[in-house]
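Below is one structure, written out as structure tokens; the observations come after it.
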Amino acid sequence: MDGNVQAIQTPEAVDEEAIRNESEMSQVNLFNYQQNLFERICTIEALELAFKAAKRNGGAPGVDGVTLEEFESRLPEELSRLKKDLESWAYEPSPVRRVEIPKPGNAGVRLLGIPTIRDRVLHGAIKAVLEPIFEEVFSNHSYGFRPSRNQRQAVEAAQRIVQSGKEHVVDIDLSKFFDRIHHDRLIYRLGFQVQDKRVLRLIGLTLRSGIMHDGVLSVPTEGSVQGSPLSPLLSNVVLDELDQELERRGLEFCRFADDCNIFVKSQKAAERVMQTVSKFIEKKLKLVVNREKSKVALSKGVKFLGMTIIAGAIAISAKSMDRAMDKVKELTPRGTSLSIEQTIEKINGWYVGWANYYKMTQYPIQLAAIEAHLRRRLRCRIVSQQKKRRHLFDKLVKRGVPRRLAAKTAYSNDKDWALSHSRAVQQAFSNRWFIQELGQKIISDRNLPHWFSLRVYIRLT
């Protein structure tokens with residue numbers, strides 16, 4: 001070829017070169033970012049941002065009893081002292097305060113550890129500095145506690161996998177995951193990405209800070225206490241090794257924190273994956289698989305983040321619906337000093353938050369069922385408050401029910417619950433009355449783009 005003639009680059013070659021240059025630039029930027037990680041954590045700016053995040057999240061004080069408001073009242077002094085202690089290695093973390101939070105459905109308690117505000121600020125600063133490093137390497141199949149990722153994305157990813165034909169699910173439950181994180185192995189895994197040994201030492205100090213419970217201090221040799229801003233990142237570091245193993249095997253999966261579902265095409269394959277992956281988790285990761293809760297099943301029989309995939313569509317799981325019905329019962333007791341208006345306000349406080357999460361279902365009929373059950377419970381309370389049948393008759397007539405229908409209803413042999421579903425009671429205390437006059441919040445009428453018609457019914461297993 002003539003030396004004066006330049007080789008013609010195809011678009012594909014240009015694209016490959018651009019990708020290679022971008023990758024090299026990313027590596028250079030990451031190398032530059034890795035320099036002086038400890039100093040980045042110790043800046044007043046980083047600590048201030050961490051405090052602001054702690055303030056947004058709220059929370060109770062730690063073992064020292066110092067509240068967010070008290071810490072903020074002397075913020076410059078507190079952050080300066082923390083910075084000085086860190087730089088001189090005089091910093092010593094306080095034990096976390098152990099609290100027990102009941103799990104839904106009377107499923108025991110969840111153990112949380114509440115760090116002091118001072119320690120919480122440091123944990124937040126460490127997380128903010130390390131997170132960009134690990135975001136470069138974390139799996140695309142991991143959705144929990146990561147920037148711009150959420151539960152709905154995880155459930156929709158699971159839906160796409162099921163729709164592709166892989167409807168057999170390996171649902172692995174990790175027993176007391178946060179309590180069993182192996183400290184040495186975690187530091188070892190962190191060391192693959194974090195070159196600054198001082199940061200690793202700092203994380204080691206936080207892991208061994210101890211737990212204060214009923215005045216007794218214990219220092220566990222394993223576990224990362226839930227309640228710290230740093231814990232979700234550390235849990236993802238631990239389970240990223242599982243993600244890598246599943247990817248190496250060519251398995252399709254979705255993971256949100258320690259909730260992981262693996263999808264395959266057959267029952268036999270699912271059973272084999274359950275056996276081999278459980279072995280990897282216990283032998284390599286030093287974690288424990290809960291054999292009683294782990295299972296192999298079709299997607300319609302598996303709950304993932306409160307949802308289930310039935311016939312390729314997303315629905316609220318049977319267990320989540322049952323828990324919601326239990327909550328409705330709790331919020332609408334028959335014997336209460338609260339007025340209907342006060343009860344509705346209390347219901348709205350719970351239901352709006354619950355429905356804003358579960359509206360990812362494609363079946364708005366499920367939300368409508370909760371809303372209708374709430375109204376029926378309240379109608380039943382109104383009926384039961386009428387001490388005599390004559391009082392119920394008068395109440396119905398006063399609310400516009402024809403006298404004949406009111407008498408037939410009030411003087412029937414039906415119990416309160418049956419009467420709450422009668423035509424007369426529903427006419428007297430209509431849906432419109434609950435919604436427009438009492439202010440019951442309704443979500444099922446929003447007609448969201450991903451929803452089926454309200455007439456489409458779903459049968460849960």
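Using θ = phi - 60° in the Karplus curve 6.51 cos²θ - 1.76 cosθ + 1.60, the 3J(HN,Hα) couplings for segment 37-50 round to 4, 4, 5, 4, 5, 7, 6, 4, 4, 5, 5, 5, 4, 5 Hz; x is entered for Gly and Pro. Electrostatic tally near G301: other residues with Cβ closer than 14 Å to its Cβ, Lys and Arg +1, Asp and Glu -1, net +4. For the chain, with all protein chains in place and a probe radius of 1.4 Å, 50% of the accessible heavy-atom surface sits on carbon or sulfur.
Using C-alpha pairs below 8 Å separated by at least 6 residues, the relative contact order for the chain is 14 percent. For segment 126-186, the Kirkwood hydrodynamic radius comes to 14.3 Å, computed from all pairs of different C-alpha atoms. Within the chain, the longest run free of chymotrypsin sites (Phe, Trp or Tyr not before Pro) that sit in a DSSP loop with at most 15 other Cβ atoms within 10 Å is 193-410.
Counting heavy atoms of the protein chains alone, C260 has an accessible area of about 10 Å² for a 1.4 Å probe. Evaluating 6.51 cos²θ - 1.76 cosθ + 1.60 at θ = phi - 60° for every residue in segment 250-258, the Karplus couplings come out as x, 8, 9, 7, 9, 10, 10, 6, 9 Hz, glycine and proline recorded as x.
Other residues within the sphere of radius under 14 Å centred on the Cβ of P364, judged by their own Cβ, net out at +1 (K and R +1, D and E -1). The long axis of helix 267-283 is offset from the longest Cα principal axis of the chain by roughly 60 degrees.
Of the trypsin sites (Lys or Arg not before Pro) found in segment 368-399, the ones in coil according to DSSP and having at most 14 other Cβ atoms within 10 Å of their Cβ are K387, K388. Under 5 Å between amide hydrogens, built in the peptide plane, is the criterion, and for I314 it picks out Q362 among residues at least 5 positions away or on other chains. FRET efficiency for the S266 to S430 pair, using the beta carbon distance and R₀ = 35 Å, is estimated at 0.10.
Residues whose amide H comes within less than 5 Å of that of M307, counting only those at least five positions distant or on another chain, are S317 (H built at 1.01 Å from N in the peptide plane). Sorting the segments 215-224, 400-409 by their mean number of nearby beta carbons within 10 angstrom, highest to lowest, gives 400-409, 215-224.
For E39, the accessible surface of its heavy atoms amounts to roughly 80 Å² (probe 1.4 Å, protein chains only, rounded to the nearest 10). Rolling a 1.4 Å probe over the heavy atoms of the protein chains gives the chain an accessible area of 54 Å² per residue.
Using a cut-off of 10 Å between beta-carbons, work out the net charge of the residues near H182 (Lys and Arg +1, Asp and Glu -1, H182 not included). So the environment of H182 carries a net charge of +2. Across segment 406-416, computed HN-Hα scalar couplings (Karplus, 6.51 cos²θ - 1.76 cosθ + 1.60, θ = phi - 60°) run 4, 5, 4, 6, 5, 9, 7, 8, 5, 7, 4 Hz from first to last residue, x flagging Gly and Pro.
The GluC sites (Glu not before Pro) of segment 292-381 that meet both conditions, a loop assignment by DSSP and at most 10 other Cβ atoms within 10 Å of the site Cβ, are E292. log10 I(q)/I(0), Debye, Cα-only the chain, no solvent, q = 0.07 Å⁻¹? The computed values of log10 I(q)/I(0) come out as -0.52.
The values are calculated or read from the model by the stated rules, or taken from the named source; none is laboratory data. Worth saying up front: this structure is predicted, and the values here are computed from it rather than measured. Please note: Cβ atoms are built from the backbone with ideal geometry, for glycine as well, and neighbour counts cover all protein chains shown. Remember, those area values only see protein heavy atoms, side chains included, never the ligands or the DNA or RNA. Shrake-Rupley method; radii C 1.70, N 1.55, O 1.52, S 1.80 Å.
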